[in-house]
Amino acid sequence: MTKTFASRLAVFASGLLISFSAFAAGGGATLQAGNDLSDRASLQRGAQLYMNYCAGCHSLKYMRYSRMAEDLGLTEDEVMKNLNFTGAKFGEQVQVSMPAAGGEKWFGKMPPDLSVISRVRGSDWIYTYLKSFYLDESRPLGWNNKLFPNASMPNPLWELQGLQHAEFGPVDPATGERHVEGLKVAQAGRQSAPEFDQTARDITNFLEYVGEPAALKRQSIGVWVILFLAALTFLAYLLKQEYWKDVH
């Protein structure tokens, strides 16, 4: 109960802070990811989704396959067969097979490493970003993003989410442009809306873990620290009562 309450309180507080920061930076409001680092099943699904849909372009150079296996409760065999597609050794970092020249040719520059993206942007930003792609014929790759306009990448999850179209508002007299007010799935994907929400949440959860793997142990240790301090306070109270019982 204590761990769950503390986790939810931390998610709520960080969500408010990150949402305010994103809005102040001009990125618009973000959605609450609601991810939970204590949900190991979510982390395992997120790792599988990331390796299948994101790792072809984005490395995780501060994460080793061996560390991932230890933290997520996976065996070496499971990791090497299901999550390692580059032929790297078990103790090596998660790199991409795409050559730098190819990345520059196809995207203008090599796609960035995402090891600490959750610490830079926040979990709510990542979750919202994954849900905000829409078709845009004016862009080189045919895709745009409501949260991060003119993003130079396609939607890697379109087969799961479906094809999303933008709903534009009236023309802004100051800029002469029409802002995206909403997004609508025009062609359904393999997943329903709630299923895709969970997919985006799992990937977000995994990236938050990658950004600070020690957080898994810190949260579990924190519960025992609180319990220890509570017990120590109770013992101190009993000791105080014992010392002062004859004063009166």
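The values are calculated or read from the model by the stated rules, or taken from the named source; none is laboratory data. Quick caveat: nothing in here was measured; it's all calculated off a predicted structure. Note: accessible area is taken over every heavy atom of the protein model, side chains too, but ligands, DNA and RNA are not part of it. Shrake-Rupley method; radii C 1.70, N 1.55, O 1.52, S 1.80 Å.
Close amide H partners of L183, meaning residues 5 or more places away or on another chain with modelled amide H under 5 Å apart, are E167.
With a ≥ b ≥ c taken as the square roots of the eigenvalues of the C-alpha gyration tensor of region 59-136, please select rounded if a/c is under 1.5 and otherwise prolate if a/b is larger than b/c or oblate if it is not? In terms of gyration-tensor shape, oblate. When you restrict to C-alpha pairs under 8 Å that are six or more residues apart and normalise by the size of the chain, the relative contact order lands at 22 percent. In terms of its C-alpha gyration tensor, region 121-248 has a prolate overall shape, because the principal axis ratio a/c (a ≥ b ≥ c, square roots of the eigenvalues) is not below 1.5 and a/b outweighs b/c. The amide H of K61, built 1.01 Å from its N in the peptide plane, has L114, S115 as neighbours under 5 Å, considering only residues 5 or more places off or on other chains.
Computed from Cα atoms, the angle from the helix 2-24 axis to the main principal axis of the chain rounds to 40 degrees. Compared with the dominant principal axis of the Cα atoms in the chain, helix 193-211 is inclined by about 60°.
Ignoring ligands, DNA and RNA, please state the percent of accessible area on the chain from carbon and sulfur, probe 1.4 Å. Here carbon and sulfur together make up 59 percent of the probe-accessible area. Using the Karplus relation 6.51 cos²θ - 1.76 cosθ + 1.60 with θ = phi - 60°, the per-residue 3J(HN,Hα) values for region 151-165 come to 4, 8, 8, x, 7, x, 10, 5, 5, 7, 7, x, 9, 9, 10 Hz, with x marking Gly and Pro.
Compared with the alpha-carbon gap, the fully stretched path from A230 to Q32 is longer by 68.1 nm at 0.36 nm per residue. Taking the longest Cα principal axis of the chain as reference, the axis of helix 214-244 is set at about 20 degrees.
For region 134-248, averaging the sequence separation of C-alpha pairs within contact (under 8 Å, six or more residues apart) and dividing by the residue count gives a relative contact order of 16 percent.
Quick one: check the C-alpha center-to-center distance for region 106-121 versus region 175-248, whole angstrom. So the separation of the two Cα centres works out to 25 Å. In the context of the full set of protein chains, residues of the chain present 61 Å² of accessible surface per residue (probe radius 1.4 Å, heavy atoms only).
Amide H contacts for W143 (H built 1.01 Å from N in the peptide plane; partners 5 or more residues away or on another chain; cut-off under 5 Å): D136. By the rule of a C-alpha distance below 25 Å, with chain neighbours fewer than 8 residues away ignored, the lysines paired with K184 are K131, K146.
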